[in-house]
Structure formats: structure tokens, C-alpha cells
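Below you'll find the structure, written out as C-alpha cells, and then a few comments.
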Amino acid sequence: MRLLDVGAVLDREKDIRTVDPETEVMRELDDNGIRYAILSHRWGNEVTYEQMIGLTAMNPRKRDDVRQRNGYQKIIKSCEQAKKDGYGWLWVDTCCIDKRSSSELSEAINSMYRWYRNSKMCYVYLHDVEEREFPAEQNFSKFSSSNGWPEWFSRGWTLQELIAPKRATFFNKDWVSIGAKQDMTYTLENITRIPEEVLVDETILRSTESRERPCIAHIMSWAVDRKTTRVEDRAYSLLGLFDVNMPLLYGEGLKAFQRLQLEIIRVSSDHSIFAWNRKVRPGRHRSVLANDPSYFRGCHDIANVAPSRFVEEIEKYICESELAVATDQGKLSSFRRSVDSTQLLRWDVTNLGIHTSLPVLSNRDDHSLYKAILPCSDRYGNLITVDLEFDRPRFRHTYPAPVGDLPVYTYPEFRSLYLDCSQQTDERNYRVRLQDGDASSYGFTRCGTFPLEVAGNTVTFSCTGDTLVVLVYANDDARCRFAVGLGRYLGLEWGLCQANI
């Protein structure tokens, strides 16, 4: 781990023109054997490793340009705060990693959660907060692009940077302390939906007691609305939360999140990884794995069902659900004996897919369709199911039949399955042509669109992009307006109109 020498950085800054160019401001140290502080922030105009160590050797104009950057001032202010708090070493991601080296970058990203966890203090810099107190309520007018909260809470990498450190202090744009993590867990849970017990003690994430540890779907839900500059970082920024490692392959796109899930599956028996929200990005999706964290929207209430209770819950599910399965005690007894808890918890990633064993219900009218029952429950305590289609030799994910056309299922059987986990990169675009000429004859003009800009009379949807666009029309003379929502759901375009007169 490469750390900034706080004293050396501040001494160099006092009179940088006369400092020996060979003066070292960084050193390689063991994160387990040193007391250090660490910075968490939203990137802007930053200073690289090469610029930080070569600052004194630069020509005066270039050096002054670097020193005037907001990124450099963050480093200096962080060092000043660290010195005040009694820390001689500081880690800053922008300048302590030589990103010219792919191997060093990969090592850093795979170690980053541990580095934040082992720090004695984390300084969280909120560049867009001017007030001298922490914003306790959403403010959409001020933080419109980050769900009403400071932008730091909308970034992918800052999720682990909030959870991992034991102690963290928040600072406003002027480096005034506005709160400590340990005193604000209730507010932070309200903003992030991360349970207070996790914010207080992150070791819960690695607890061997499944009752204490949040399930995979729950953890994934914390990253739903977070953004990263590179699509691969939506996966890489979650490595530490799941205590897994994998090589970085920038350029692989959505495959990074698929690889993350496969690494999690290799070390876990948590079926909630398959319990992502099918309503988020409906359409053609063959894999049982999600494409990105947004697929876990609304999964914060999912809980795992213990194997010892699973059969009992399935019997309850059969008796109370609308599956058109008549209760037969003989068949229930036979099914109860067939369930093998060891096989239930065993997974293998093979060339045919994810090999596992689950209870499945077969469609009586179409023997290629199945409903797999997961040992997971929703907020109401109902078991979660996944619709599958047998496409020899794999079972691929499919979507349930439309309401009003519910299939009839046979009794459940506990069977071995190969689940399709192949990555789809469907880049097809879907276009909707607008015919809103009649609106102008009534004095209405299109005055805005959200969240996409619409040029001309065509709205384009990507199967992997936004699925909703809102168009606003106004008649200023009549002082009225209306909005039209357009989207794509289950492969079909839809629209909704709302008037405000």
C-alpha cells in the first residue's frame, strides 16, 4: 500500500520552489501495521501519482496549474486534517495508485475495501454541501441529479467507502466538520437503506450466522441507484462487500457484473442472487443472472429461508397459492422425502451453466415451462419463484404468463438443473414515432422531456438502457399542461397521460 507522508507533503507545500526535487512524499507500507487516515470523495479535476511525485521538478507554470486544481487542494486539506488528528500517513485514491500499471490498479481495486476497513479514520469530503451541518432531508432543487442528496451518495465506489471504515467524519466544501458516521447511522440508513447494524459493524457482512448477514439481493439493492464512469466499475466496486476477488478487464462491459455474480456463487449458497426484480428490465433475458445492480431494485426486504424450514414453507405455498395444484398429502410426503438439503446448498459453475438442485413445478400444458422455488421470501413472507424454460440441456430464464392466462402446474419435484448464465449483449434499439401534431392545433407545444432529450419525432429505447421517457406539453395561454409517459414493458410499448389543468 502506497501512502502519503503527511509531514513531507505539508513541508514541501510551505516553500515548494526551494524543496529538493528528490524529496519523497510517499512510501510503501503494510496497511495492517500502520495508523493511517483515508480520503473518500467525488472525483473532479484530480492529481495523478506521476504529477504528485514529480511536482517539484515541473516548470513553474505547470506546477502552479497542478497546485490550483481542486484535486490538489483536497490532498493538502486532507493532510492538514490528518496532522491535526495525529495521523502521519494518508491514502488518497487519485494519487496513491500508479494507474499506468494495470497490475497495480488491479491489486489496488481488489484490496481497496480492506484498505478502507483498516484505516483509523476516513475523511468524507462533500464538495456540494455549503452549509455547516449535514443535510438531514432530501433537497431536489439543490441535489437534482443525485436523488435529493449530496452527489457522494450516488457514486458506486463510495458505497464501500461508507461501509468499510469503522470511523468516518463528513466535511462540507470548506472542510468544516459536519458530522461523524457513528453518530449519524439513522440518517445514513434513511439515505442509503443500509441497515444501521451494518454501518456500525461491517463484519456482519462476513458473519457465519446467516440470520445476521444480509442476503446477496439485499446487499445488491444498496447499489441500485449508484453510478460509475466506467460500466465495469459497477461490478468492481462491489468486490469487497462480497469478499471476493477477480482480475479487472476494462472493456468487457456488462460481462464484469456476470463474472462478479459467478465469483459470489463459487463461495456462497445464497439463492437470493437469482431473486432479482423481473419488473426492472422486462423483455428477452435468458440468463438467470442479472445484467447490473439495478435489477435488484426493491430487493431490500428479501430474506433467505433456512433449509430446515424450506419444505414446510413450500407446502404452505402450494396450499395457499393460485397454482391450481390440489393438495395431496401422499404427494406432499413423497416430495418432503426427496428434498436433499446438502444438494440444495451445493452449486457448481460448469460449461453447461450453473448446476444446482431446486424444487420445480412443471406446467401441465407445456412441459418445457417450469417454475423453480427459491429458498427466499419477500417482505410478506411469500416464497420467491423464478420462471424457467427448458432449452436442452439448460433451463433458461423466461417471463411469467400474462395475468388472465395462468398456467396449471403439477406437483413439485426436487431435481437437478443446469441454469443458463450466458451473458446477452442485446444492443437492439426500439423506436417509437411521435404523432403529436394534433396537440399544436389545441395550442399545446412540447416544452420538455425527462430524463432523455428527444430530438424530432422519434423516441429511441435501448433494451439495456432507460425504459421510460416523459414528454411535457404546455398551453401558456390556457395556463394548463399535460405529460405523456412512454415506455417499454414485456416487449411492448406503452403510454400514460396525466393532465394538470
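Tabulated values for the structure
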| quantity | calculated |
| --- | --- |
| Stokes-Einstein D for region 127-272, Kirkwood Rh over Cα pairs, 37 °C, 0.692 mPa s (µm²/s) | 200 |
| FRET E, pair residue 85, residue 349, Förster distance 51 Å, beta-carbon r, rounded to 0.05 | 0.65 |
| Helix-only [θ]222 nm of the chain, DSSP H runs n ≥ 4, -39500 (n - 2.57) each, per residue, nearest 500 | -7000 deg cm²/dmol |
| Calculated FRET efficiency for the pair residue 211/residue 16, C-beta based, R₀ 45 Å, to 0.05 | 0.20 |
| Per residue value of the accessible surface for region 147-273 (all protein chains in place, 1.4 Å probe), Å² | 40 |
| Folded to 0 to 90 degrees: helix 307-320 orientation relative to the chain principal axis, Cα | 50 |
| Cut-off of 10 Å, at most 10 other beta carbons, DSSP loop: longest stretch of the chain lacking such chymotrypsin sites (Phe, Trp or Tyr not before Pro) | 1-379 |
| Linear extension gain, residue 141 paired with residue 480, 0.36 nm per residue minus alpha-carbon span | 119.8 nm |
| Rounded tilt (10° steps) of 329-338 against the dominant C-alpha axis of the chain | 40 |
| Space enclosed by the convex hull of the alpha-carbon atoms of region 1-129, per residue, Å³ | 111 |
| Where labels lie 7 Å past Cα in the beta-carbon direction, separation of residue 189 and residue 319 in nm | 3.4 |
| Mean projection area, nm², convex hull over Cα of the chain | 29.2 |
| Distance (nanometres) between label positions extended 7 Å along Cα→Cβ at residue 382 and residue 133 | 4.3 |
| Trypsin sites (Lys or Arg not before Pro) within region 121-213, DSSP loop, no more than 11 other Cβ atoms inside 10 Å | 132, 211 |
| Nearest 10 degrees, 0 to 90: helix 102-118 Cα axis against the chain principal axis | 90 |
| Relative contact order [Cα under 8 Å, 6+ residues apart], the chain, whole percent | 9 |
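The values are calculated or read from the model by the stated rules, or taken from the named source; none is laboratory data. On a predicted model such as this, the values are computed, not experimentally measured, just so you know. Virtual Cβ from ideal backbone geometry, glycine too; neighbours counted across all protein chains shown. Surface areas here come from the heavy atoms of the whole protein model, side chains and all, with no ligands, DNA or RNA. Shrake-Rupley method; radii C 1.70, N 1.55, O 1.52, S 1.80 Å.
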